[in-house]
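Since the structure comes first, as structure tokens, the remarks are kept for the end.
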Amino acid sequence: MNKIWIGLIFGLVLGALDGATAWFTPAVRNLLTGIMVGSSLKGMVVGLLSGWFARRVQSTKWGIIVGSLLGLLFAFAVAAMPSATGEHYYLEIMLPGFVVGAIIGFLTQKMGTPAPLKRTT
């Protein structure tokens, strides 16, 4: 399986897990399903971009950095929108997004097949 598919699969699973952490915020428990779906989609986008980056650059350090920055960027985009209660939950959204992005960046570097080498003659 190539690195992009690895990123998509792990992004989906870890994104759902990230969304499930919303259960610890009692004010948004009734919105848990929508949060999990949105977080899964966010994780898949981060996984897709991290997998693409992993195919281009074979560096675990840069994979983790890029993955965590992508996770943080997309989490900030979600946290900047007010919730149904009108509040912003920056820490509660951005911290798990950062960690999930770093994990996805690491996994896309370590797993999957790299891009085929191009032959020049």
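Specify the inter-centroid distance of region 1-37 and region 40-90, based on alpha-carbon positions, in whole Å. Rounded to whole Å, the Cα centres lie 12 Å apart. Highest average first, the peptides 56-65, 95-104 ordered by how many other beta carbon atoms sit within 10 Å of their residues are 95-104, 56-65.
In percent, what relative contact order does the chain have, based on Cα pairs under 8 Å that are 6 or more apart in sequence? Show your work: numbers first, answer last.
On the way: 220 pairs, mean separation 41.7, N = 121.
Value for the chain: 34 percent.
Taking percent of Cα pairs over 22 Å apart as calculated from this structure, the corresponding entry among [x] 56; [y] 34; [z] 63 is [y]. Here residue 42 is the anchor, and no lysines lie within straight C-alpha reach of less than 17 Å, apart from those fewer than 8 places off in the same chain. For the options 24, 76, 106, a Gaussian network treatment of the chain with springs between C-alpha atoms closer than 10 Å singles out 24 as fluctuating the most.
Amide H contacts under 5 Å for residue 2: 113, restricted to partners 5 or more places along the chain or on a different chain, H placed in the peptide plane at 1.01 Å from N.
No value in this document is a laboratory result; all are computed from the given coordinates. This one's a predicted model, so the numbers in the text were calculated from it and none came from an experiment. Cβ: placed from backbone, ideal geometry, glycine included. Neighbour counts: every protein chain shown.
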